[in-house]
Amino acid sequence: MKISVQQEDFDLGAEVKAIARGNPKVGAVASFIGLVRDINDGTTVGAMTLEHYPGMTEKALETILAEARTRWEILDCTIIHRFGELKPTDQIVLVVVASGHRGDAFAACEFLMDYLKTKAPFWKKEQTPEGGRWVESRDSDDQAAERWK
């Protein structure tokens, strides 16, 4: 299991290859990449800065992963979340789940993303033509996470 909060970009191919390498029990790998959009709520976004509290953030991600492991057969998992200033099309987050079967891999991957969006302590500030603005939580993200309760 790998959890990393980092400024550096990541390589999807390398991460998927690493998670499935050498484990004959892995029958499915599901992944998700989140990217910075150039428009949010109808406003142009030139950059986004992600902030977090080191130590606290990693612990929260570990707790979210532990919850997923109680629900699905997860043989391995990689969660990478970036921080710092990111531009449109930059990768923000990666979740890769390896399991024996696709149902567990897909469900765990979706659960992890829903919980990362609502429970991980990250703060996002977008740079727009009107200046900086903090990104508020969305009702749709909360509703997505609620379905897992």
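Read-outs: derived from the displayed coordinates by stated rules, not from any lab. Everything numeric here is computed off the predicted structure, so don't read it as measured data. Positions of Cβ are backbone-derived with ideal geometry, glycine not excepted, and every protein chain shown enters the neighbour counts.
Before moving on, here are some points about what is shown:
- Of everything listed in (1) assigned to a helix (DSSP H, G or I); (2) of a type outside the set (Ser, Thr, Tyr); (3) in contact with a Ser or Thr (Cβ under 8 Å, 6 or more places away or on another chain), the single unmet condition for Val95 is (1).
- Restricting segment 109-149 to residues that are in contact with an Asp or Glu (Cβ under 6 Å, 6 or more places away or on another chain) and of a type in the set (D, E, K, R), the residue that is farthest from Lys87 (Cα to Cα): Lys117
- Residue within segment 111-133 that is exposed (fewer than 15 other Cβ atoms within 10 Å of the Cβ), free of Cβ contacts under 8 Å to residues at least 24 places away in the same chain, of a type in the set (D, E, K, R) and in a loop (DSSP other than H, G, I, E, B) present: no
Residue by residue, here is whether (1) under 23 Å from Gly132 (Cα atoms); (2) exposed (fewer than 13 other Cβ atoms within 10 Å of the Cβ); (3) not charged (D, E, K, R) holds:
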position: Glu15; (1), (2), (3): no, no, no
position: Ile19; (1), (2), (3): no, no, yes
position: Gly22; (1), (2), (3): no, yes, yes
position: Ala30; (1), (2), (3): no, no, yes
position: Gly42; (1), (2), (3): yes, yes, yes
position: Leu75; (1), (2), (3): no, no, yes
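- When residues of segment 77-92 are limited to those that are more than 12 Å from the chain's Cα centre (by Cα) and assigned to a strand (DSSP E or B), the one surrounded by the most Cβ atoms within 10 Å (Cβ to Cβ): Leu86
- Of the candidates Phe111, Phe122, the single residue that is touching a His at 6+ places or on another chain (Cβ under 8 Å) and over 19 Å from Leu12 (Cα atoms) is Phe122.
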